[in-house]
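Q: Starting off with a structure, shown below.
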């Protein structure tokens, strides 16, 4: 049995003996991210036996599986064949239309966004310009990773392009909204982090007692809404 | 109907086969580091394989039982004793109210698993009783055991003579397939990763022929190794992709890291290889300071080995029907 070939830029590869990857060999774009989310969604709906998790990332979709549920020693090839069949039936355009917009309030600058002045200086913008560019258009949630509920959101305007900090911080407060490489990450809990913190959100990103346990999911769009310190404190109090 | 924690041990946490189905939301899988030993302990206590067990690390706890139950210990040899008398790993053992289970010196391995019949009474979070220590959720309040904790048993064996039960259980013949036992071997079988060819030929050759030592800061999230540093032929940035249990990633400093049960769901480092699932227990039982050596096998071989072990688990499960019957019959008596 041969492993089916997918149309470019896609290919199918194993990652160890319990994960299969659909890889998209191209630049990171929202369109590519949407394709990954749509394929992930179709694979989840297909409920393939033995598959435990389907995980979209920037340019790939991972399928985690448990071979013991297949009862066969040719698991990878059988699964790849099935995955390729689901892939063929995916309509990326209709998935794009279903995107949900989630508003996330952010208190920018000051003690809530200690790196905002540095980011503004590096980008040759005023702090207000950075906030306007960051909160203007909704941006796409490519994936969650790093920590439960932590979204990678992008791609932001070229003017907001800044590399990661040379020295990561050891403890960022929960809700830190940080940017690097035209993307935003939100740290749901206190954690180390190497991105530039421009603001903090008072909303909870991860709540393990609920299902689904996260505020956002891959495939959503996020609009950042600038709020004052007073609003931050009041929303924070209402979340407790 | 509970267990009292007299001493908590170094790091004792509840684990099952992991929190699946939420990795796309960044939720780590967690679960037993040595899933083989975890499943073995469960089967030997008459449980299904995904019942939560207590994962014991290096120094075991001291536990007082306040009810009759059947327990089993598998994995590392941590010199278990019941009321001061040595008891073996890999056997169902009947304990009664007032009994004290303690552990002594480690003779081999690092992690042992304690299963109780019917399981511990723990509330599942997102479908799993596994403790995610870094995220502080799952298991018992998201943490390791502490002195004074009271752990309730989901299904104690009440109204039964523990002496008779003990005699009956002792008579059960248990044939443990060798493939399910704790093996001591430093050769870890791995399948090459999609990025393997990005390394220099010298680095690849060293990766598969020299020893790597496990560093002290290795824990449930990952094993940090030191040995021959691995260099990329053309340094390139990797776009974040998913990780798997056993992924061996190489950060820019060239020292490989084996990602383990509490790994992050995604990572942005180059992946040189992946530990074959069948050998993950060997890694989980390796102590910091000990060394590993990687041996390449094909994906087909890795899945074949995995499948053989699953067959052995199937045989053991069948062979323990009389134990389950004994414990189940007791339950309704």
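Q: What residues from segment B:96-117 fall in the zone where the backbone N is under 20 Å from a label point 7 Å along the Cα-to-C-beta line of residue B:2?
A: Inside the label zone: B:96-102, B:115-117.
Q: Moving to a separate point now. Would you mind calculating the gained length between residue A:81 and residue A:27 on full extension (0.36 nm times residue separation, minus the Cα-Cα distance), in nm to one decimal?
A: Values: separation 54, 0.36 × 54 = 19.44 nm, distance 2.62 nm.
Here the segment from residue A:81 to residue A:27 would lengthen by 16.8 nm.
Q: Per DSSP helix of 4 or more residues, -39500 (n - 2.57); summed, then divided by the residues of the protein assembly as shown. What does that give at 222 nm, rounded to the nearest 500?
A: Working: 12 runs with 130 residues, N = 573.
That calculation yields -7000 deg cm²/dmol at 222 nm.
Q: Please give the average number of partner chain Cβ atoms lying within 10 Å of the Cβ of each residue in A:7-18, rounded to a whole number.
A: Across A:7-18, the average partner-chain Cβ count within 10 Å equals 6.
Q: Which value in nm describes the separation of the simple spin-label points at residue A:204 and residue B:202, placed 7 Å from the Cα toward the beta carbon?
A: My value for the distance between the label points is 5.4 nm.
Q: Taking every pair of Cα atoms in the protein assembly as shown, average 1/r, invert it to obtain the Kirkwood radius, and report Rg/Rh to two decimals.
A: Details: Rg = 25.1 Å, Rh = 25.2 Å.
So for the protein assembly as shown, dividing Rg by the Kirkwood Rh gives 0.99.
Q: Here is a follow-up. Does segment A:10-57 classify as rounded, prolate or oblate by the C-alpha gyration tensor (a ≥ b ≥ c root eigenvalues; a/c under 1.5 gives rounded; else a/b over b/c gives prolate, otherwise oblate)?
A: Details: a/c = 2.72, a/b = 1.37, b/c = 1.99.
It comes out oblate by the Cα gyration axes.
Q: Rounded, prolate or oblate: pick one for segment A:130-218, where a ≥ b ≥ c are the square roots of the eigenvalues of its C-alpha gyration tensor, a/c under 1.5 means rounded, and failing that, prolate if a/b is larger than b/c, else oblate. Mind dumping the intermediate values first?
A: On the way: a/c = 1.92, a/b = 1.29, b/c = 1.48.
It is oblate, given that a/c is not under 1.5 and a/b is not larger than b/c.
Q: Assuming R0 = 60 Å, what is the FRET efficiency of residue B:64 and residue B:209, from their Cβ-Cβ distance, to the nearest 0.05? Mind dumping the intermediate values first?
A: Values: r = 50 Å, r/R0 = 0.84.
Efficiency for this residue pair is about 0.75.
Q: Further, regarding this structure: Provide the FRET efficiency to the nearest 0.05 for the residue B:324-residue A:161 pair, computing r from the beta carbons and using R0 = 51 Å.
A: Between residue B:324 and residue A:161 the formula returns 0.25.
Q: Using alpha carbons only, how many degrees (0 to 90, rounded to 10) separate the axis of helix B:35-44 from the longest principal axis of chain B?
A: 20 degrees
Q: Also, I was wondering about something else. Please determine, in degrees from 0 to 90 and to the nearest 10, the orientation of helix A:75-88 with respect to the longest principal axis defined by the Cα atoms of chain A, where the helix direction is its Cα long axis.
A: 70 degrees
Q: Can you give the Rg to Rh ratio of segment A:10-97, both from alpha-carbon atoms, with Rh computed by the Kirkwood formula? Walk me through the numbers on the way to the answer.
A: Details: Rg = 12.6 Å, Rh = 13.1 Å.
Taking Rg over the Kirkwood Rh, I get 0.97.
Q: Turning to a different aspect of this structure: Note down the nm distance, to one decimal, between modelled labels 7 Å out along Cα→Cβ at residue B:301 and at residue A:174.
A: Spacing of the two 7 Å Cα→Cβ label points: 4.8 nm.
Q: Also: In whole Å, what is the distance between the alpha-carbon centres of segment A:182-240 and segment A:45-70?
A: 28 Å
Q: Okay, moving on. Averaged over its residues, how many other protein chain Cβ atoms are within 10 Å of peptide A:49-58's Cβ atoms?
A: On the way: counts 0, 0, 2, 8, 11, 4, 10, 2, 9, 5.
Across A:49-58, the average partner-chain Cβ count within 10 Å equals 5.
Q: Within 10 Å, count the other beta carbons around each residue, average over each peptide in B:147-154, B:217-224, and list them highest first. Please list the in-between numbers first.
A: On the way: B:147-154: 14.6, B:217-224: 19.4.
Highest mean packing first, the order is B:217-224, B:147-154.
Q: Calculate the FRET efficiency for residue A:190 and residue B:178 from the Cβ-Cβ distance with a Förster distance of 51 Å, rounded to the nearest 0.05.
A: For R0 = 51 Å, the calculated efficiency reads 0.65.
Q: For peptide B:260-270, compute the average count of partner chain beta-carbon atoms within 10 Å of each residue's beta-carbon. Before the final figure, lay out each step's value.
A: Numbers: counts 0, 0, 0, 0, 5, 12, 11, 3, 4, 0, 0.
Average neighbour count from other chains, rounded to a whole number: 3.
Q: I'd like the distance between the alpha-carbon centres of segment B:264-333 and segment B:1-58, rounded to an integer number of Å.
A: 14 Å
Q: Using Cα pairs closer than 8 Å and at least 6 residues apart in sequence, work out the relative contact order for chain A, in percent.
A: 19 percent
Values quoted throughout were computed directly from the atomic coordinates according to the rules given, and no laboratory measurement underlies them. Predicted, not measured: the structure shown is a model, and the values here were computed from it. Cβ: placed from backbone, ideal geometry, glycine included. Neighbour counts: every protein chain shown.
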